[in-house]
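Trainee: A single structure is presented below for examination.
Coordinate-derived values only; no laboratory data. The structure presented is a predicted model; accordingly, all values stated were derived computationally and were not measured. Glycine also receives a Cβ, built like all others from the backbone with ideal geometry; neighbour counts cover every protein chain displayed.
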Amino acid sequence: MSSTTSTTSTMTVARAIGVLRKRWYLVLAATLLGGAAAFAASSTVTPIFHSTASLYFSLTTASSGSDINQGSAYTQAQMLSFARLATSAEVLQPVARELDGDLTPAQLRRMITVTIPQNTVILDVRVGSTDPERAARIANAVSDSLINAVDEVAPEASDGATTVTATAIDPATPAAFQSSPNKQQDAVLGAIVGFLLSSVAIVLMSALDTRVRSEGALKEITDLPVLGSIEQTPASSDPRPISIRQPNGSAAEAFRQVRSGLRFASASHETRSLAITSSVPGEGKTWLSANLAYVLAETGRRVLLIDADLRKPRVADSFGIVGSVGLTTVLIDAIPLRSAVQQWPRSSLEILPSGAVPPNPAELLASDRMKELIAEMVDEYELVVIDTAPVHVVADATMIAQQVDAVLIVADTTKVRRAQLAATIATLERTDAHIAGVVLNRVKPAPRHDYYYLSDDEESKAPTIVRHRSRATSPPAHEVEPVEPK
């Protein structure tokens, strides 16, 4: 029976909206930044002022209503020609002379825009310049020059009069405000671009992010139960489990919730031995093993914590005990089990460190002696918690998984990928291991009001570290250094 499903991630509209709601502050920042950047960029551009002069064209030879209609149609048909005439050298050369040669006809042509309102005989000459007075002057000059040009090029009647005349109906005046750049409009457009780009980027990054960020992401790849979520805690110089340092804190309560989840998971499958592993290094498997073992011992049950990660053992350092004598020492029959186990003060928790790092960890963990040792410890303790190596690094975890009642997988929400976790689950299932569930680690801290009934202990209230020596070399129990009360 496989508990894994597809590891592909689909980005639905609802999920995209959820991602944007979660990252709303980034979208807001990008929107404000885009608007501010566009406004600042517009402020550096030289302002342009536009002035417009309007001319009306009419046929002068009409004598009846029919002639007037025909003349109007003829004039409208000629408007494109008059527009082209407005930017010709015939019109612009006199304007250039009027400006004392400051601008050439070619330069004037780039400053002029000629438009014809639809279905009219009106022509607008629009001129843009950095000087509003100059823009109005050029527009009027072009208008006057165009009127003269029309008189010269328009067809003549039988009496020698021109058939088409142009009349200035709206002279250009200096503009009071700049036409471009439009700072307000550019700021709005910049804000819209910032909003769209940030939204697309956030949704795209979320779609491409294959890390197991939440329970929802976990459910997309497996139907294994989530036994708990451990929030990310601040770094501390004290290496001891946080359940010891802050027994009444929110983090310790999260481990107790894992304890409760494990109890429900064990209802249909008796669990006397539990291996804890992860997909890749650094996901917090030792952190979970140490804290879970401690909170399990809080119930009064005899719990044994074993460091079976013979590659990079960390349990001894976590509890501040000597780890040179431990599991490997027992496996080679150098000392008996009871002499290697160390009791944690004022607790029913006992710890078996890894011992010296051997050259052949896999052979030791797969040996018959290891199987016998686990069976011996299960008979003596109510629960045995074993910290093992990550599945994707070495095969040690799969060897241990075949010898215990259940396996618990740690999934770091900031590190493990969906494909890696799915492969870990599949690997363990191929060994016929019973996977009790998954614990999410380094989850984003919940709002403090969620822990209204909890109080974080200060570091000073936690018991001090006691450096124990292994029983093979340690003095009698009454000579062990005292532990400060909680």
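Trainee: With angles folded into 0 to 90 degrees, how steeply does helix 89-98 sit against the dominant principal axis of the chain? Use alpha carbons for both and round to 10.
Mentor: 90 degrees
Trainee: Number of Lys pairs in the chain with C-alpha atoms less than 15 angstrom apart, excluding same-chain neighbours closer than eight positions?
Mentor: Step by step, the pairs that qualify in the chain add up to 5.
Trainee: What is the angle, in °, between the Cα long axis of helix 368-380 and the longest principal axis of the Cα atoms in the chain? Nearest 10 is fine, range 0 to 90.
Mentor: For 368-380 against the chain, the angle is about 80 degrees.
Trainee: A further question follows. For the residues His392, His434, His269, His50, what sequence is obtained by ranking on other C-beta atoms within 10 Å, fewest first?
Mentor: Least crowded to most crowded, the residues run His269, His434, His392, His50.
Trainee: Compute the angle between helix 24-43 and the longest alpha-carbon principal axis of the chain, please, reported from 0 to 90 degrees and rounded to the nearest 10.
Mentor: Once rounded, the angle reads 30 degrees.
Trainee: Now a separate question. Find me the longest stretch of the chain that has none of the exposed chymotrypsin sites (Phe, Trp or Tyr not before Pro), where exposed means in a DSSP loop (not H, G, I, E or B) with at most 12 other Cβ atoms within 10 Å.
Mentor: Longest run free of exposed loop sites: 178-451.
Trainee: What nm distance separates the two modelled labels at Ala36 and Ser347, each placed 7 Å from Cα along Cα→Cβ?
Mentor: Result for the modelled spin labels: 4.9 nm.
Trainee: Determine, for Thr113, Thr12, Thr210, the number of other Cβ atoms within 10 Å of each Cβ, and report the residues in order from fewest to most.
Mentor: In order of increasing Cβ crowding within 10 Å: Thr12, Thr113, Thr210.
Trainee: Moving on. List the GluC sites (Glu not before Pro) in segment 270-307 that DSSP assigns to loop (not H, G, I, E or B) and whose Cβ has at most 11 other Cβ atoms within 10 Å. Which are they?
Mentor: Taking segment 270-307 and a limit of 11 other Cβ atoms within 10 Å, the loop GluC sites (Glu not before Pro) found are Glu270.
Trainee: At a 10 Å Cβ-Cβ cut-off, how would you order Val378, Val91, fewest neighbours first?
Mentor: Ranking Val378, Val91 by Cβ neighbours within 10 Å, fewest first, gives Val378, Val91.
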